[in-house]
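Scroll down for the structure; my scribbles are underneath it.
The values are calculated or read from the model by the stated rules, or taken from the named source; none is laboratory data. Predicted model, so just to flag it, every value in this text is computed and none were measured. When we count neighbours, we look across all protein chains shown, and the Cβ atoms used for this are built from the backbone with ideal geometry, even at glycine.
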Amino acid sequence: MSKFLTTMEETKSKFFSVMVVGDEPEKIMEKYSSSKKVEPYVKYEYLKASKYQERAIKALAKILEESDKIGFAPNVQESLSNRLDVLKKMSSFEYYKDLTEGMYYDENGNALSDENPNAKWNTSMLGRNFSLPLLLNDGTETYTAMAKDVAWEAMQGKGANIYQAAWEVVVDKREPKNDEERQIYEAMKDNEGYFSNFKDKESYVIYSSSYWNYAYVDKDGWHDMDSETNGDETEWISTFFEKYVKNLKPTDKVSIFECSTASNTK
């Protein structure tokens with residue numbers, strides 16, 4: 001059950017959902033706002049300019065290697081490739097100037113920032129447009145509720161039979177048994193490349209039907225797919241319910257937020 005972790009290449013923005021646990025969800029989220037200002041600190045060290053450049057080149061090269069898998073449009077791939085060429089031709093000093101443009105420097109040339117080092121989002125609001133709501137025991141849906149009132153088991157594994165059938169009729173080449181399976185086959189038959197991203201049927205079904213959000217946060221800290229599993233979606237999704245949902249107390253207030261953040265293109 002995908003929780004809308006998407007990237008809009010035209011705007012270089014990422015949209016994602018967050019499970020917030022606590023009586024004051026807005027206050028918990030505020031700690032991770034990109035607009036929050038802090039005391040100035042050294043964000044980039046002048047003597048590490050070459051390391052920053054090497055890291056940027058490696059990261060961009062990796063993205064380009066996987067651009068077909070990610071699904072970037074040709075014009076986006078071309079833009080990224082041109083940027084990589086520019087990075088490679090820059091001197092370390094030129095890259096450092098570009099990276100720290102608009103920032104203040106200390107006497108050693110280090111770039112100072114008052115930006116929140118814990119920033120995780122640029123915009124944040126209670127779920128409304130793209131995050132999936134919580135299903136309550138009475139059958140209604142909402143974006144904030146006590147944990148004891150949420151039908152967690154119904155949300156976990158929802159639609160698993162449909163995804164299992166999709167794998168079997170497309171990948172295993174099993175004949176559809178009924179009209180529903182024939183419709184599934186017609187809708188998915190040209191997506192064999194997508195199925196190849198999963199090692200087996202079980203992994204695909206778990207990925208597609210498990211309940212998860214891109215991030216989980218409470219008073220003790222923020223956890224997300226990228227920081228916890230290095231972007232390994234399968235691991236994050238398959239363990240989210242066990243790690244975060246099952247540890248909720250009945251009286252915990254659970255809120256689903258939807259956020260966006262601008263990508264760093266330097």
Entirely in the stretch 18-89, the helices (runs of 4 or more DSSP H) that have 2 or more residues that are more than 22 Å from residue 214 (Cα to Cα) and not hydroxyl-bearing (Ser, Thr, Tyr): 49-65, 74-89
Candidates 168, 141, filtered to the one that is outside the structural domain of residue 223 (by TED's automatic domain parsing) and not β-branched (Val, Ile, Thr): 168
Qualifying residue in the stretch 101-110 (condition: in a loop (DSSP other than H, G, I, E, B), surrounded by 14 or more Cβ atoms within 10 Å (Cβ to Cβ) and of a type in the set (A, V, I, L, M, F, W, C)): yes
Residue satisfying all of: in the stretch 181-192; over 14 Å from residue 204 (Cα atoms) and of a type outside the set (Val, Ile, Thr); farthest from the chain's Cα centre (by Cα) among these: 182
Considering residues of the stretch 146-180 that are in a loop (DSSP other than H, G, I, E, B) and touching a Phe, Trp or Tyr at 6+ places or on another chain (Cβ under 6 Å) only, the residue farthest from residue 204 (Cα to Cα): 176
